[in-house]
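K.L.:
Dropping the structure in here first, questions after.
The values are calculated or read from the model by the stated rules, or taken from the named source; none is laboratory data. Just so it is clear, the model here is predicted, and its values are computed rather than measured. Glycine also receives a Cβ, built like all others from the backbone with ideal geometry; neighbour counts cover every protein chain displayed. Just so you know, the surface numbers come from the protein's heavy atoms only, side chains and all, with ligands and any DNA or RNA stripped out. Shrake-Rupley method; radii C 1.70, N 1.55, O 1.52, S 1.80 Å.
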Amino acid sequence: MSGHSNWPEWIYVAVVICLLTYVGAEAWNVERIVEHTPAEAEVIKVTGQQWFWTFEHEDGTKEVGELHLKKGKPYKFEITAKDVNHSFNIHDYVVLQDAIVGRLNTVWFAPDKAGEYTIQCREYCGLLHYNMRATLYVEE
Amino acid sequence: MVLELAKPRPIWQIMFSTHHTDVGLLYTIMSIAFFFLGGALALGIRAELFLPGSQIIGDSMTFNRMFTVHGTTLIFLFLLPFASAVGNYFVPIMVRYKDMAYPKLNAIAFWMIPPGGALIWLGFADFSWYATPPYSAISAPGPAADMWIFGLKILGVSSVLGSINFVVTILKCKHPDLPLSKVPLLAWSFLSSSLIVLVAIPSFAAALVMLLTDRLGVTGFFDPAKGGDPIAYQHLFWFTFHPEVYVLVIPAIGMMYEIIPRFSRRPIFSQSSGIFAFVVLSIVGFSSWAHHMYATGMSFTEKTVFMVGTLAAAPASAMHVFNFIATMWGARMRFATPMMWSVGGIALFFSAGAGGVANAAMPFDFITHDSYWVVGHFHLFVMGTIAFGSIGFLYYMFPYITGRMYNETMGKIHFIMSFIGTVMVFFTQHVLGLYGMPRRVFDYMPLPEYIIMNQITSVGAMIIGASMALWLFNMLYSSAKGKEANMDDPWGLGGKYYYPHQAKTPHH
Ligand code: HEM
Ligand SMILES: [Cu+2]
Ligand SMILES: [Cu+2]
């Protein structure tokens, strides 16, 4: 319609589509791998509420505001919330999953380095959202 | 010609007018006023975050209310009404009709905005611009929350009325000699964004009513204790608001389609590819809403579908960038203020889009989601692209509105400071997000990396603030004392500044 040939634009669009396809395929593949939870993973029940975290181990012991785990072992978090939505986040291990009232979301990880890490809330949940933190201790 | 200030009329004549240029003027003034109000809140937020701990804001609740009203104001009371301002001035002229299709409806749509804005500002709610339940239903303090819900309801209706008017004006009132394919891209942008509004808004409108009745305790749509589902709200919300981001960005792209060819002194590279990209974006834009919800516990398949839907919308945006660059390639450009804002806006649009693609890639989103990265991402659009396009366009309309020229040097300083500030603020916020700083926080851990990056961000924000003060001065001073504009060719481009100039306004 514009009266001149438009092939540079079509080549450009084709290149963009190729790049996007590559990003999409790579993302699909990585996500597929990281979502595969190992069968032997130990379950930790995580509950978020205004404005603290509670953790329950498989043997029934509970911790509030801190979580002690063993290095090199896989863990599966079963996450929920009591009052309003929160989001469970260990940024150093790219663990992020919303804590939703009435739902059980799962995510797994295996800490590979001993030390102290921050657990924080990533979903706005009111007055003290900014301070809704806990500490993860990874022990040898 | 419209020389609003050279030939002063009593203010009530403008206020009670239904003529499209008068309604356009009202939209312009009101949206710019809200731009400064919302911007002031942003400066407060950045001052508070300059250092960890509490600085100038005593408590986190006030802080939470500030970022909520900041976001709500700039999206619903600045960006959208400013687009309507431009549409009101230009769409009837571009389709060669005497006014909007329904002038009274047009004025009503405008006059719904002040009460909506008043409810939002007087209430000062705290649940962030997306008001997710259960928090918004059971925990957010009223009456602020209820006022926000009513305010948004009113603004939504206003937006639907305005959109109907644009669609009818373009499709039904267009001059019979003017084929739709020859309608300028700026008018096309209003056609596509208005059609998106009509399809997208109803789901949020429903969600707002359900949220309100949940708050009143008579229903439990979003309350699991009563058999409801909080995730349902998020779907209804994002079904409206992912497409809505295109409602915001498409008119800004349309404004650039007016400015870039004009200041490059040649026609747009491809009118048909511009139209094609608008239409594709309006359709494909509906396939990606749940990319905001990867972390809510969606299945792998759901996430994949919405990732593909998101990526599918990107080529259409990339086509606009190509069209702009091809138009400017080898052209005799004139970098007057409106052109600088447009070109700067396109550069930021491109970087913002690249960040969007990264977000859409699901494993990466688990690093960036609800962190400062997201704040940086969408501000490169809302500030870097849409506000830049709009500010540039207001400079472009300035002679048309006032009959006078703004001060060019001040306009350029305004652009340079804002561009530097924008890069400082929003690029740094991406990095802050990668370091794990959550968004919507009143305070942060005193890590050295957090502190230095927050300081860069806050200084950048103050630079933007200072440049906007200069802009305000330039507009006020020049509209009274600026030199008279040459209305045939205010920038000496050799062509004709024809659209605005042709507007004869027999006030009816
Ligand atoms: C066209 C203009 C655009 C605007 C105005 C815009 C605006 C926004 C806004 C406001 C948010 C944050 C919402 C919130 O949580 O409060 C957001 C998030 C997001 N945007 Fe955009 N966006 C635009 C384009 C894009 C593009 C082109 C892509 C991808 C190709 C994209 C991908 C995303 C993704 C994946 C998120 C979710 C990030 C997260 O929360 O983790 N956006 N955008
Ligand atoms: Cu929180
Ligand atoms: Cu989106």
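K.L.:
Ordering A:21, A:135 by how much accessible area each has at a 1.4 Å probe, largest first, what is the list?
P.N.:
Values: A:21 85, A:135 40 Å².
Per-residue accessible area, sorted high to low, gives A:21, A:135.
K.L.:
What is the Cα coordinate range of segment B:256-364 on the first, second and third principal axes, sorted by size from largest, in whole angstrom?
P.N.:
Extents along the principal axes: 53, 24, 18 Å.
K.L.:
Could you tell me the convex hull volume per residue, in Å³, taken over the Cα atoms of segment A:42-139?
P.N.:
On the way: hull volume 7.8 nm³, N = 98.
Considering the Cα atoms of segment A:42-139, their hull volume per residue is 79 Å³.
K.L.:
How many Cβ atoms of partner chains, on average, are near each residue of A:33-44 if near means within 10 Å of its Cβ?
P.N.:
Details: counts 1, 3, 5, 1, 0, 0, 0, 0, 0, 0, 0, 0.
Per-residue shielding by partner chains comes out at 1.
K.L.:
Follow-up. Compute the semi-axes of the equivalent ellipsoid of segment B:147-237, taking the square root of 5 times each eigenvalue of the Cα gyration tensor, and list them largest first in whole Å. Numbers along the way, then the final one.
P.N.:
Numbers: eigenvalues 288, 31, 13 Å².
Taking √(5λ) for each Cα gyration eigenvalue gives 38, 12, 8 Å.
K.L.:
Looking at the P(r) of segment B:194-330, how many percent of alpha-carbon pairs lie beyond 25 Å? Could you put the intermediate results ahead of the total?
P.N.:
Values: 3954 of 9316 pairs.
When all Cα pairs of segment B:194-330 are counted, 42 percent exceed 25 Å.
K.L.:
Per-residue counts of other Cβ atoms within 10 Å, averaged by peptide: what ranking do you get for B:433-446, A:119-132, highest first?
P.N.:
Numbers: B:433-446: 19.4, A:119-132: 22.8.
For the peptides B:433-446, A:119-132, the packing ranking is A:119-132, B:433-446.
K.L.:
Per residue of A:99-105, what is the mean number of Cβ atoms on other protein chains within 10 angstrom of that residue's Cβ?
P.N.:
Working: counts 1, 9, 12, 9, 6, 1, 4.
Across the residues of A:99-105, the mean count of other-chain Cβ atoms within 10 Å is 6.
K.L.:
Then there is this: Work out from phi, with θ = phi - 60° and the Karplus expression 6.51 cos²θ - 1.76 cosθ + 1.60, the ³J(HN,Hα) of each residue of segment A:58-63, listed in order in whole Hz, and give x for Gly and Pro.
P.N.:
Ordered by residue, 3J(HN,Hα) equals 4, 7, x, 6, 10, 10 Hz.
K.L.:
How far is helix B:271-284 tilted off the main Cα axis of chain B, in degrees rounded to 10, range 0 to 90?
P.N.:
20
K.L.:
From the residues A:38, B:27, A:121, which one has its Cα farthest along the dipole of the protein assembly as shown in the positive direction, the dipole being from +1 and -1 charges on Cβ of Lys/Arg and Asp/Glu about the Cα centre?
P.N.:
Checked the options; the winner is B:27.
K.L.:
³J(HN,Hα) across segment B:118-134 via Karplus (A = 6.51, B = -1.76, C = 1.60, θ = phi - 60°), whole Hz, x for Gly/Pro?
P.N.:
After applying 6.51 cos²θ - 1.76 cosθ + 1.60, I find 5, 4, 5, 6, 6, x, 6, 5, 10, 8, 6, 5, 10, 6, 6, x, x Hz.
K.L.:
While we're on this one: Calculate the dipole size of segment A:1-118 relative to its Cα centre from +1 charges on Lys and Arg beta carbons and -1 charges on Asp and Glu beta carbons; express the result in debye to the nearest 20. It would help to have the intermediate numbers written out before the result.
P.N.:
Values: 10 positive and 17 negative charges, 11 e Å.
Roughly 60 debye for segment A:1-118.
K.L.:
Also, I was wondering about something else. I need to check one value: relative contact order of chain B, counting alpha carbon pairs closer than 8 Å and at least 6 residues apart, in percent. All intermediate terms of the calculation are to be shown ahead of the outcome.
P.N.:
Details: 814 pairs, mean separation 89.2, N = 508.
Computed value for chain B: 18 percent relative contact order.
K.L.:
Cα centroid distance between segment B:261-334 and segment B:47-87, in Å?
P.N.:
28
K.L.:
Could you provide, to the nearest whole Å², the per residue accessible area of chain B with probe 1.4 Å? Walk me through the numbers on the way to the answer.
P.N.:
Details: 17370 Å² over 508 residues.
Heavy-atom SASA per residue in chain B reads 34 Å².
K.L.:
Using modelled amide H (1.01 Å from N, peptide plane; none on Pro or chain starts), what sits under 5 Å from the amide H of residue A:70, excluding residues fewer than 5 places away?
P.N.:
Here A:139 satisfy the definition.
K.L.:
Report the paramagnetic label zone for residue B:61: residues of segment B:103-135 whose backbone N is under 14 Å from a point 7 Å from Cα along the Cα-to-Cβ axis.
P.N.:
B:124-127
K.L.:
Can you tell me how much longer the chain between residue A:39 and residue A:71 gets when fully stretched, taken as 0.36 nm per residue apart minus their C-alpha distance, in nm with one decimal?
P.N.:
9.8 nm
K.L.:
At a temperature of 25 °C and a viscosity of 0.890 mPa s, determine how fast chain B diffuses translationally according to Stokes-Einstein, using the Kirkwood radius over alpha-carbon pairs as Rh; express D in µm²/s, rounded to the nearest whole number.
P.N.:
Numbers: Rh = 23.4 Å.
Approximately 105 µm²/s, per Stokes-Einstein.
K.L.:
Given a 1.4 Å probe and heavy atoms of the protein chains only, how would you sort A:66, A:9, largest accessible area at the top?
P.N.:
Working: A:66 75, A:9 0 Å².
The ordering from most to least exposed comes out as A:66, A:9.
K.L.:
State, to one decimal in nm, how far the label point of residue A:32 lies from the label point of residue A:83, with both points 7 Å from Cα in the Cβ direction.
P.N.:
So the two model labels end up 4.3 nm from each other.
K.L.:
For the Cα atoms of chain B, what angle does the longest principal axis make with the long axis of helix B:185-216, in degrees from 0 to 90, nearest 10?
P.N.:
Around 30 degrees separate the two axes.
K.L.:
Okay, next question. Among the aspartates and glutamates, which have Cα under 14 Å from the Cα of residue B:172 when same-chain residues fewer than 8 positions away are ignored?
P.N.:
Answer for residue B:172, where 14 Å is the Cα cut-off: B:99, listed by chain and number.
K.L.:
Out of B:121, B:220, B:45, whose Cα points farthest toward the positive end of the dipole of the protein assembly as shown (charges: +1 Lys, Arg; -1 Asp, Glu; placed on Cβ)?
P.N.:
Among B:121, B:220, B:45, the one farthest towards the positive end of the dipole of the protein assembly as shown is B:121.
K.L.:
Enter the angle in degrees (range 0 to 90, nearest 10) between the Cα long axis of helix B:60-72 and the first principal axis of the Cα atoms of chain B, meaning the one along which they spread out most.
P.N.:
The answer is roughly 40 degrees.
K.L.:
Which residues of segment B:123-137 end up with at least 30 Å² less accessible area in the presence of all protein chains than when their chain stands alone, using a 1.4 Å probe?
P.N.:
Listed by number, the residues meeting the 30 Å² cut-off are B:134, B:135.
K.L.:
Pairs B:174/B:483; A:45/B:153; B:153/B:412; A:62/A:113; B:174/B:303; A:76/B:303: which exceed 31 Å Cα-Cα? Let's see the in-between values first.
P.N.:
Details: B:174/B:483 36 Å; A:45/B:153 40 Å; B:153/B:412 39 Å; A:62/A:113 23 Å; B:174/B:303 43 Å; A:76/B:303 20 Å.
B:174/B:483; A:45/B:153; B:153/B:412; B:174/B:303, as the Cα separations exceed 31 Å there.
K.L.:
With viscosity set to 1.306 mPa s at 10 °C, what whole-number translational diffusion coefficient in µm²/s follows for the protein assembly as shown from Stokes-Einstein and a Kirkwood radius over Cα pairs? Mind showing how you got there, number by number?
P.N.:
Numbers: Rh = 25.8 Å.
D = 62 µm²/s.
K.L.:
What is the magnitude of the charge dipole of segment B:1-88 about its Cα centre, with +1 placed on the Cβ of each Lys and Arg, -1 on the Cβ of each Asp and Glu, and no other charges, expressed in debye to the nearest 20? Could you put the intermediate results ahead of the total?
P.N.:
On the way: 4 positive and 4 negative charges, 25 e Å.
I would put it at about 120 debye.
K.L.:
From the alpha carbon gyration tensor of segment B:10-139, can you work out the equivalent ellipsoid semi-axes (sqrt of 5 times each eigenvalue) and give them in Å, largest to smallest?
P.N.:
Details: eigenvalues 250, 48, 30 Å².
Those come to 35, 15, 12 Å.
K.L.:
Can you give the charge dipole size of chain B about its Cα centre, rounded to the nearest 20 debye, using +1 on the beta carbon of Lys and Arg and -1 on the beta carbon of Asp and Glu?
P.N.:
Numbers: 27 positive and 22 negative charges, 328 e Å.
For chain B, the charge dipole is close to 1580 debye.
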